[in-house]
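**Student:** Provided herewith is a single structure, encoded as structure tokens, for subsequent inquiry.
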Amino acid sequence: MNVRIDVAVEAPVWEALPDLEALAERVIGQCEAVSGVKLAKGCELSLAFCDDRAIQALNARWRGKDKPTNVLSFPTPGALGKKPLLGDIVIAYETVAREARSEGKSLADHTAHMIFHGFLHLIGYDHETPAEAEEMETLERRIAQALGIKDPYEGSSLEGGGS
């Protein structure tokens, strides 16, 4: 894996999911492999695990949406193959746990999906138009399959969601 990941667990509720660093490394490694993205050697990303209150403040400030969301991504500007810092991914526990329960998914699998969804935003994917959403979701399904996770959009309310 080419990416160095700085993991910050900012909310104690994430203790419900042990070894977030190992999960993040496994997920990001598969993202790189499946997407075929060419990144700067030794590039970094920041991955913060927070609570709904913290992500709501970020969502209000940066997206003008004063409500919690599952994941936010903040890509740094520049060409992917040259930038040393890809950006930041922030994931909120309560929203992710609630979605996992309502969709019959494990917390680990749904968190993995939020990590790779956020990573794809950092490398230039989006879901603002139907064509973009189709392309991104197809890649997400391939990554999920590589990780041994069932289709993250099957029975999901996430299509066209946060980030």
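**Student:** What strands (runs of 3 or more DSSP E), lying completely within region 20-99, carry at least 2 residues that are surrounded by 13 or more Cβ atoms within 10 Å (Cβ to Cβ), touching a Cys at 6+ places or on another chain (Cβ under 9 Å) and aliphatic (A, V, I, L, M)?
**Tutor:** Answer list for region 20-99: 85-92.
**Student:** Okay, next question. Go through region 1-19 and count every residue that is assigned to a helix (DSSP H, G or I) and modelled with pLDDT of 95 or more.
**Tutor:** The qualifying residues number 3.
**Student:** Here's a check for you: in region 138-158, which residue that is modelled with pLDDT under 95 and among the acidic types (Asp, Glu) is surrounded by the fewest Cβ atoms within 10 Å (Cβ to Cβ)?
**Tutor:** Going through the qualifying residues, I end up with 154.
**Student:** Being more than 24 Å from residue 36 (Cα to Cα) and not hydrophobic (A, V, I, L, M, F, W, C) is the filter; apply it to region 100-109 and report the residue that is surrounded by the most Cβ atoms within 10 Å (Cβ to Cβ).
**Tutor:** 105
**Student:** Provide a single number: the residues in region 122-150 that are under 19 Å from residue 20 (Cβ atoms) and part of a helix (DSSP H, G or I).
**Tutor:** Going through region 122-150 one residue at a time, the tally reaches 4.
The values are calculated or read from the model by the stated rules, or taken from the named source; none is laboratory data. Just so you know, these numbers come straight off a predicted model, no measurement behind them. Note that we place each Cβ from the backbone using ideal geometry, even for glycine, and neighbour counts take in every protein chain shown.
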